[in-house]
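What follows is calculated from the coordinates using simple rules that are stated; it is not laboratory data. As the structure is a prediction and not an experimental result, all values here were calculated from the model. Methodologically, a virtual Cβ is constructed for each residue, glycine included, from the backbone with ideal geometry; neighbour enumeration extends over all protein chains shown.
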Amino acid sequence: MVRMVLVLLVLAALSAGAEEMLWSLDRYPLDTEEMGRAFRRKNDEQGLVPVGIESDGKTMTVLSLHNSRLGARSWKMSSYDDFELFKKALTEGINQGLTPVDLSYQGNRLFVLFLALEAVPEGWAWVVCPPSAAEIKKVTDPWVEQGYQPTGITMIDGTFGTLLVRFKNRSLRGWTLTADSDVDSLTGQMRQRLARGELPCGLLTGTKATNIVFLSWADEARAGSTSITPDPDEQEPMTLKQIEATIFESYVQQSP
């Protein structure tokens, strides 16, 4: 099946009146060393850091954001072929001050992107549901009410997975899961939301639309609101044999 043309393009947005690249969407060969060099080059030359990832098994599509919006100190991308290792890595990463900002399932590999941020993570949750706006809201709302924030999103065998993180020093004003079907729509969405101070993280590219999670942080602790645009695009089935039997359950693990 032909994937959306969007992932074949390199998109960039310049801030008004300044030669500062605020964000980009790029595709790289699925080679960890090459991606590492590309990430370092984008950071050195353009000040961009990766915030969203999506793999199709041969390439990795990466959403990057200017680090002036994040203040990230470092990044790390790891892959796992076992769900228990994935859960253990999330807890270990959070205990080290690393925030899992996105993830991507493909074939027998699960990729996770970690960032060291000023926001200090203290726990995580993983929930799955059918790929509909109503179902996503249903499974994430209880965690948002407890102070968790959606960061990473992915699909596996037609099931929508959401990774949520709770921070010690950042509360959520609200979050939005967008769906854009063309380049103009995506660039407009990014321009408007970045101007409002929202932060993009989780990325999901499909055959019909591209989904991005946007977070809006508040100064005072309170329950966040949820806004989900039309149902996430159903993708070609992905297989991760190690977790096929359990993907319809919800996993929760908080760091000690």
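Things worth noting here:
- Spin-label proximity, ASN95 to segment 106-149 - amide N less than 20 Å from point 7 Å beyond Cα toward beta carbon: 112-117, 120-126
- Per-residue Karplus couplings for segment 74-90, computed as 6.51 cos²θ - 1.76 cosθ + 1.60 with θ equal to phi - 60°, are listed in order as 6, 9, 8, 10, 10, 10, 9, 10, 9, 5, 5, 5, 4, 5, 4, 5, 4 Hz, Gly and Pro entered as x.
- Listed by chain and number, the lysines whose alpha-carbon sits under 23 Å from that of LYS168, ignoring those within fewer than 8 places in the same chain, are LYS76, LYS87, LYS88.
- Once backbone amide H atoms are built at 1.01 Å from N, GLY206 has MET4, ASN211 as its partners under 5 Å, excluding neighbours fewer than 5 places away on the same chain.
- Label zone at LYS87, where the point sits 7 Å out along the Cα-to-Cβ direction: segment 123-162 residues whose backbone N lies under 16 Å: 123-128, 162
- Note on ALA218 and ARG73: the model spin-label points, each 7 Å out from Cα along the C-beta direction, lie 2.8 nm apart.
- The protection proxy used here, the mean number of other Cβ atoms lying within 10 Å of each residue, ranks peptides 65-73, 106-114 as follows, highest first: 106-114, 65-73.
- Long-range amide H partners of LEU98 with built H, under 5 Å: none
- Put a dot 7 Å past the Cα of ASP31, heading toward its Cβ, do the same for ARG109, and the two dots end up 1.3 nm apart.
- Fewest-first ranking of THR140, THR59, using other Cβ atoms within 10 Å as the exposure measure: THR59, THR140
- Residues whose placed amide H lies under 5 Å from that of LEU172, excluding near-sequence neighbours: ALA218, ARG222
- Ranked list, fewest to most other Cβ atoms within 10 Å of each Cβ, for LYS76, LYS168, LYS42: LYS168, LYS76, LYS42
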